[in-house]
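Asks: Attaching a single structure in structure tokens format; questions to follow.
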Ligand code: NAX
């Protein structure tokens with residue numbers, strides 16, 4: 001018998017897109033909430049993409065997932081977010097030819113203001129929100145500022161893909177497995193300015209030693225620009241790996257973690273990051289909340305790298321300041 005107490009109502013925006021296509025099937029199979037937790041899936045799309053979203057819904061139905069109780073396809077924000085317990089905000093406005101960065105920020109600010117308001121009004125009071133659509137950190141900031149009745153800590157942005165990329169690059173360099181490493185984190189913005197940090201990294205509990213030239217000249221730029229590298233090689237942007245990282249993020253948020261993970265969360269001023277910005281930090285998840293790892297001694301190099309990425313977050317925030325309540 002289905003335990004309706006634990007049923008999750010999961011809203012995925014941009015459900016007809018590339019990431020949505022990879023993400024929905026992982027959620028449906030139980031990878032996020034658990035193999036015994038039923039899900040009501042809600043697919044939000046813009047009107048022109050509704051037919052494609054209906055096609056995805058048909059494929060979900062054809063998979064006969066034991067955990068999927070219902071599938072809803074809609075372009076209506078109230079229908080999409082009523083009772084939502086977990087929201088993956090993936091859909092966003094892509095940058096098109098001739099579009100300035102400010103235009104992109106503004107177009108997305110409108111989308112995420114409206115979705116923040118709808119979450120505030122209609123979602124479950126303990127909803128967990130993960131923003132994937134770019135610029136993810138600033139979109140999460142906008143959504144949270146438009147949801148005054150929800151705790152800002154309920155809004156996060158995806159930097160787990162950057163975290164997973166950092167683990168993978170380190171493991172490949174040392175001829176090891178990603179799972180052997182702990183205390184890796186990526187600070188800042190989900191952009192080329194991010195700082196993948198190996199200062200505190202451990203392998204099997206012992207500090208990781210890496211050559212400075214590899215670290216600063218290869219590792220950091222490679223992780224930070226991996227999205228562009230994927231586009232160049234695959235001819236399309238990261239989709240399955242982004243979906244997988246989104247699954248990891250929400251899974252760990254719900255189930256908790258021992259080791260550090262990277263999550264972009266609303267800053268409480270830790271490490272000099274301006275309060276309110278949505279920034280990547282070393283975090284652990286406990287009791288359904290992300291907690292920023294405290295008490296780390298940061299070198300001048302670390303502080304400079306973090307400050308550079310935070311400056312970009314501030315500039316993005318300032319560009320949409322007129323739309324922030
Ligand atoms: P696609 O263009 O394939 O899909 C986006 C979908 O969103 C489209 O179907 C579109 O109709 C829909 N959409 C647009 N506006 C919407 C709105 N207001 N409400 C609901 N749906 C809306 O992009 P995809 O490859 O799936 O990527 C989605 C987003 O993820 C992009 O912004 C992308 O830049 C971002 N990414 C973020 C990553 C991260 O780590 N944070 C990594 C991967 C990816 O680059």
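Read-outs throughout are calculated quantities, based only on the coordinates presented, and are distinct from any laboratory measurement. Keep in mind that what you see is a predicted model, and the values were worked out from it rather than measured. Glycine also receives a Cβ, built like all others from the backbone with ideal geometry; neighbour counts cover every protein chain displayed.
Asks: If you average the sequence gap of Cα pairs under 8 Å that are 6 or more apart and divide by the length of the chain, what percent do you get for the contact order?
Replies: Values: 632 pairs, mean separation 55.1, N = 325.
So the answer I get is 17 percent.
Asks: Right, something else. Short version: what are the Cα gyration tensor semi-axes of the stretch 274-324, square root of 5 times each eigenvalue, largest first, in whole Å?
Replies: Whole-Å semi-axes of the equivalent ellipsoid: 23, 18, 6.
Asks: Going by how many other Cβ atoms sit within 10 Å of their own, how do 97, 128 line up, fewest first?
Replies: The most exposed by this proxy come first: 97, 128.
Asks: At what distance in angstrom do the alpha carbon centres of the stretch 250-325 and the stretch 74-131 lie from each other?
Replies: Their Cα centres are 20 Å away from one another.
Asks: Averaged over every viewing direction, what's the projected area of the C-alpha convex hull for the chain? Give it in nm², one decimal, please.
Replies: On the way: hull surface 67.0 nm².
If I average the Cα hull's projected area over directions, I get 16.7 nm².
Asks: Restricting things to Cα coordinates, could you compute the convex hull volume per residue of the stretch 242-317 in Å³?
Replies: About 107 Å³ per residue, rounded to a whole number.
Asks: Let me ask another. Using the alpha-carbon atoms, what tilt in degrees (0 to 90, nearest 10) does helix 50-62 show relative to the longest principal axis of the chain?
Replies: Approximately 90 degrees, to the nearest 10.
Asks: Which order do peptides 43-51, 253-261 fall in by mean Cβ count within 10 Å, highest first?
Replies: Ranking the peptides 43-51, 253-261 by packing returns 43-51, 253-261.
Asks: Take the Cα atoms of the stretch 159-302, build their convex hull, and give its volume per residue in Å³.
Replies: Convex hull volume per residue, Cα atoms: 118 Å³.
Asks: Measure nothing but the geometry: give the 0 to 90° angle between the long axis through the Cα atoms of 240-255 and the longest principal axis through the Cα atoms of the chain, rounded to 10°.
Replies: For helix 240-255, the angle is close to 90 degrees.
Asks: Based on the Kirkwood radius over alpha-carbon pairs, what value in µm²/s does the Stokes-Einstein equation return for the translational diffusion coefficient of the stretch 8-157 at 37 °C and 0.692 mPa s?
Replies: 214 µm²/s
Asks: Give me the mean projected area, in nm² to one decimal, of the convex hull enclosing the Cα positions of the stretch 1-86. Mind showing how you got there, number by number?
Replies: Numbers: hull surface 20.2 nm².
Directional mean of the projected Cα hull area for the stretch 1-86 stands at 5.0 nm².
Asks: Using Cα atoms only, what is the angle between the long axis of helix 101-122 and the major principal axis of the chain, expressed in degrees (0 to 90) to the nearest 10?
Replies: Around 50 degrees separate the two axes.
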